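I have placed the structure first, in the form of C-alpha cells, so that the comments after it can refer back to it.
Bear in mind that the values in this text are calculations on the coordinates, not laboratory data. Since this is a predicted model, take the numbers as computed values, not measurements. Every residue, glycine as well, gets a Cβ built from its backbone with ideal geometry; the counts of neighbours run over all protein chains shown.
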Amino acid sequence: MKDKNCIFCKIIGGEIPSAKVYEDDKMLVFKDIEPKAKVHLLAIGKDHFGFISEMDSSREELLKYMFSKIPGIAAENGCENGYRLVINQGKDAGQTVFHLHIHIMGGETLPW
Ligand code: 5GP
Ligand code: ZN
C-alpha cells in the first residue's frame, strides 16, 4: 500500500530521486540524504506503515525478509566491519518520516 503524501512512497515510485543501492519487489535501500555516519543507508519496505505497533502477518514477513537481506547489503556497501541498525519510532525518538525505515550506519567506528 502507498500513501500519496509520503516522501518514501514517492522515492519508491521514482517521483523523488534517490541514490539506490539495492531494490527488489519487496524493499528498497538508498543513501540517507543527510548522512550521520560515513555509511548511512535507509532500508524501506514497499508497504506504507509507520510503526512496528501496526504489525500484521504480511508486515512480519516483510520485516523478516528485510532483516535477512540487510547483512549482505551492508557488507557490499562499506560496512564489512560491522554496522548499527536503528528504527526511530515516534516523537521522542525524533522520527520524521512515518514510513517505517531501518537506518543502516557504519563504515567507521561509531560513537555510543
Ligand atoms: P527518521 O528521523 O524518521 O528516523 O529518519 C528519516 C531519515 O530520512 C533522516 O535521516 C533523513 O535525513 C532522511 N531523509 C529525509 N528525506 C529524505 C529524502 O528525500 N531522501 C533521502 N535519501 N533521505 C531523506
Ligand atoms: Zn510511505
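Explain nothing, just compute: Karplus ³J(HN,Hα) = 6.51 cos²θ - 1.76 cosθ + 1.60, θ = phi - 60°, for every residue of the range 63-70 in order, whole Hz, x for Gly and Pro.
5, 4, 4, 4, 5, 6, 8, 4
Just name one of W112, Y83, S57: the one whose Cα is farthest towards the positive end of the charge dipole of the range 20-112 (beta-carbon charges, Lys/Arg +1, Asp/Glu -1).
My answer, from the dipole projection, is W112.
Rounded, prolate or oblate: which one fits the chain, using the alpha carbon gyration tensor with axes a ≥ b ≥ c (rounded when a/c is under 1.5, else prolate when a/b beats b/c, else oblate)?
Rounded shape, in that the Cα axes give a/c under 1.5.
No other cysteine beta carbon under 4.7 Å away is the test; run it over the chain and list who passes.
Cysteines of the chain left without a disulfide-compatible partner: C79.
When the Karplus curve 6.51 cos²θ - 1.76 cosθ + 1.60 is applied with θ = phi - 60°, which whole-Hz ³J(HN,Hα) does each residue of the range 100-112 get, with x for Gly and Pro?
Karplus values, whole Hz, x for Gly and Pro: 3, 9, 10, 6, 10, 10, x, x, 6, 6, 8, x, 10.
Where does each of 76-84, 38-46 land if you order them by average Cβ count within 10 Å, highest first?
Those peptides, ordered most packed to least, come out 38-46, 76-84.
Give me a comma-separated list of calculated 3J(HN,Hα) values for the range 26-38, in order, Karplus coefficients 6.51, -1.76, 1.60 applied at θ = phi - 60°, integers in Hz, x for any Gly or Pro.
Each residue's phi maps through the Karplus curve to give 10, 8, 9, 10, 9, 7, 5, 5, 10, x, 9, 7, 4 Hz.
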